[in-house]
Every structure is written in structure tokens, then in C-alpha cells.
Amino acid sequence: MSFSFKLITKDSDSNARRGKIKTQHGEIHTPIFMPVGTQATVKAMTPRELKEIGVEIILGNTYHLYLRPGHKLIEEAKGLHKFMNWEKPILTDSGGFQVFSLSDLREIKEEGVYFQSHIDGSKHFISPEKSVEIQNALGADIVMAFDECPPEPTNYDYVSNSLDRTIRWALRSKEAMENVDQSLFGIIQGGIFKDLREKSVKEMVQINFPGYAIGGLSVGEAKKDMLDTLEFTVPLMPEDKPRYLMGVGTPEDLIEGVLRGIDMFDCVMPTRIARHGSIYTSEGRITIRNATYKDDFDPPDKDCNCYVCQNYSRAYVRHLLKRKEILGVRLTTYHNLYFFINLMKKIRDSIEDNSFLTFRENFYKKYNKINAK
């Protein structure tokens, strides 16, 4: 297996930690943010631009790539890396979250999930074995065990039964793994119930995966419940393996996740809000397409060194967005991804300097300026 994780250092005043993952397609420096490339592309960006920004790993979506263009076609293209011209590491999710979000279009059985495509209504079936088969064909460096992600709020009995099924599916996922160059992560579920989270960690660790993800958060629960669940769950997880918080990723979420010992994050937020005319800045999130920026010739973020902020004004970016020019969305996306990648670099540097809590305090003082106005 061409996968390893090394814990380099820990912040002495918090659970923040600095590490390095090695895969067959390169190294990943943690804590890390992974842009989401749902359809074998990070929306609006070229691979060259992603490398320019400093992206080290991206996430691909098993469910969507299975439906279109199909994992067999991607396998014929010699895998997802070749297909999309991305040389660095890729992580693929199991497809579980997307399948379970179909709600009325799916039926959960012990053998797997029967569902209808959201595209054309065609009928499909994904089991732990099928999910692993798809991910093996895609050729990602890190793949995920098939799991059920219960929505929130959900009652205790449902979450408990769902967790037991997820544990059985995790065993089946591991048994189905064939490609030794890929690493299968187990997923910890259990909703916001501490005893179920503890049970999930114990069972997943017993199966012995090279890394572990925390799923089932940011699915409708209060932010306090999410953070409390993290605070309880993370210390139970192995220290010598990477910890991945799935689908969570505002700037505040990243900082609070790192504070509690998380190593890996992914989220569609930076690219999604970019397409709707919003950007993250050092002073907070702004909607740059609003009229207030019509004659604002300052950079989108005066404290940012990205290509966009060094070359364009808020007024120009707003003009492009209002005219529905493609370049407008490309510029907001580029900036937002740079903001996230650069934030993680600063976090890693602060952990190495043993100053993460100071960095966190200073970040919030500045970042909350806009909200305070």
C-alpha cells in the first residue's frame, strides 16, 4: 500500500495537529482543505489553476461519476487522474450521502440501496461492494467505505439501527477492496448521540482502516451540537491516522475543526457561493454582486495576494457577474479557493510555531468586522 500518515507536531495549547499524508500521486500536508470536483472538475477551474493556487488534493463524487459518464468509461481512460488531467491525489466519497439524500427515490435494504437516478428516473443499485468497485475503477488514492448518512433530526432508534448497518457495510467494503494502491477510510456515524459515536469509533478501529472520517454532521443539526459531537468524538480516534470531517467547511468550521484535532476537510461552499456572487475576505463574507460595490475600485480583498485581488477591482468583478460573463464566476471561484487554501497554510504554519490559538483569536477579530458593522 502506497499510503502513510506521519504526525509531525501538535499545538501545545489545543488539539490542533500538523501532519503529512503520502500517496502514490504525491504528498498532502495536513490540516488540508479539499476542493470538491463533483463531475471530474472543480467547477470553473482548470487543473493548472488549481496547482497554481496550491491545491494538493481534490474530491470526486462516486454517485455522479457512476451515473455520468460511467465508471467503466473512466476506467477505459486509465482512471480519473488521466481522464481529468489531474496529477495530484484524489479522494472519492462512497456515493452514500448522495444516494440517501434522494429520500423518496431510494429504498434501503441490508444488501444495499435501490434508487432512481435524479437525472432520468432510471433504476440503480449500489451496495458496499458496488461502491468499492466503482471507486476502484475511478482509481482515486483515497476511497470511502459505503455508509448510511441519517438526516437530522432523526430519532435514536433509527440512528442506532443505521449505525449497525454502516458497521456491517464497512466490513463488506474492506473485503471488497482489490487495488493495493488505494486506501479505504472507514466512516464514523452516530448522529449527535455520544454513546453511538463511541460505539462507531470502537467498531471502525477494530476493522482497522488506514484513516477515519466523521460523517453525519452539518446535515441539519445546530452548530453547537456539531462542535460538541466533534469535541467528544475526535479524542476517541487513533492519533496515528488521519481524521477527516466530511462535507464541513466554512472558514470558521475549518478553524474550529482544526482546534479539535481534524486533519482533512471538504466542502462545496467556496465554489458554490462564488457562482452566486459572494466571496470570502479577511474581514468576512461579502456579496460582491451587490450594488454597494458598483463603484468600489478596491481589490476584492485588500489583504489577499491571489491573482484576482492583485489584478481586478470589486467594481469590475461585480460588472462581470451582473452581465453574466463567465469570467466573473471564474474570478470569484479562483479567489475563494485561494482564500481557503491560504487559510489552511496559515493554520499549518501557526501549529508549527505553536501559536494556533493566537492565530485563531486574531483571525476572528478581523474576520468578524463586516458582521459587526
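The values are calculated or read from the model by the stated rules, or taken from the named source; none is laboratory data. Remember, predicted model here, so these are calculated numbers, not experimental data. Backbone-built Cβ (ideal geometry, glycine too); neighbour counts: all protein chains shown. All accessible areas refer to the heavy atoms of the entire protein, side chains included, with ligands and DNA or RNA removed. Shrake-Rupley method; radii C 1.70, N 1.55, O 1.52, S 1.80 Å.
Calculate, in nm to one decimal, what residue 111 and residue 365 gain on full extension: separation in residues at 0.36 nm each, minus their alpha carbon distance.
Values: separation 254, 0.36 × 254 = 91.44 nm, distance 5.07 nm.
Here the segment from residue 111 to residue 365 would lengthen by 86.4 nm.
What shape does the chain have by the C-alpha gyration tensor, where a ≥ b ≥ c are the square roots of the eigenvalues, rounded means a/c under 1.5, and otherwise prolate means a/b greater than b/c and oblate the rest?
Working: a/c = 1.60, a/b = 1.33, b/c = 1.21.
Prolate.
I'd like to know which of 191, 347, 47 lies farthest towards the positive end of the charge dipole of the chain, counting +1 on Cβ of Lys and Arg and -1 on Cβ of Asp and Glu.
Going by the charge dipole, the pick is 47.
Out of all DSSP beta bridges with both ends in the chain, state the antiparallel percent to the nearest 5. Don't skip to the end; give the middle numbers.
Values: 23 of 45 bridges.
Around 50 percent of the beta bridges assigned by DSSP in the chain are antiparallel ones.
Give the separation of the Cα centroids, the range 168-239 to the range 324-346, in Å.
With the range 168-239 and the range 324-346 each reduced to a Cα centre, they are spaced 30 Å.
Under 1.5 on a/c is rounded, so check that first for the range 118-189, then, if it is not, pick prolate when a/b is larger than b/c and oblate when it is not; a ≥ b ≥ c are the square roots of the alpha carbon gyration tensor eigenvalues. Let's see the in-between values first.
On the way: a/c = 2.30, a/b = 1.36, b/c = 1.70.
Oblate, since a/c reaches 1.5 and b/c is not below a/b.
Enumerate the lysines that residue 223 could reach by cross-link, defined here as Cα to Cα under 19 Å, with residues fewer than 8 away along the same chain left out.
194
Residue separation times 0.36 nm, minus the C-alpha to C-alpha distance between residue 20 and residue 123: what's the value? Numbers along the way, then the final one.
On the way: separation 103, 0.36 × 103 = 37.08 nm, distance 4.12 nm.
Gain on extension, residue 20 to residue 123, equals 33.0 nm.
Treating each Cα of the range 67-127 as an identical point scatterer and ignoring solvent, apply the Debye formula and state log10 I(q)/I(0) at q = 0.20 Å⁻¹.
-0.86
With r as the distance between the Cβ atoms of residue 225 and residue 275 and R0 = 30 Å, compute the FRET efficiency 1/(1 + (r/R0)^6) and round to 0.05. Please list the in-between numbers first.
Values: r = 29 Å, r/R0 = 0.96.
About 0.55, to the nearest 0.05.
When only Cα pairs under 8 Å and 6 or more residues apart are kept, what is the percent relative contact order across the chain?
Numbers: 714 pairs, mean separation 65.7, N = 373.
Result for the chain is 18 percent.
Most mobile of 143, 258, 268 per a Gaussian network model of the chain (Cα springs, under 10 Å)?
268
Compute the angle between helix 128-138 and the longest alpha-carbon principal axis of the chain, please, reported from 0 to 90 degrees and rounded to the nearest 10.
50
If Lys and Arg each add +1 and Asp and Glu each add -1, what is the summed charge of the other residues whose beta carbon sits under 11 Å from the beta carbon of residue 146? Walk me through the numbers on the way to the answer.
Working: positive: 130, 165, 168, 172, 174; negative: 93, 129, 133, 147, 148.
Summing Lys/Arg as +1 and Asp/Glu as -1 gives 0.
For the chain, which whole-number percentage of the solvent-accessible area (1.4 Å probe, protein heavy atoms only) is attributable to carbon and sulfur atoms?
Values: 7600 of 16080 Å².
Of the solvent-accessible surface of the chain, carbon and sulfur hold 47 percent.
Using +1 on the beta carbon of Lys and Arg, -1 on that of Asp and Glu, and nothing else charged, what's the dipole of the chain about the Cα centre, debye to 20?
Numbers: 51 positive and 51 negative charges, 258 e Å.
The dipole magnitude comes to about 1240 debye.
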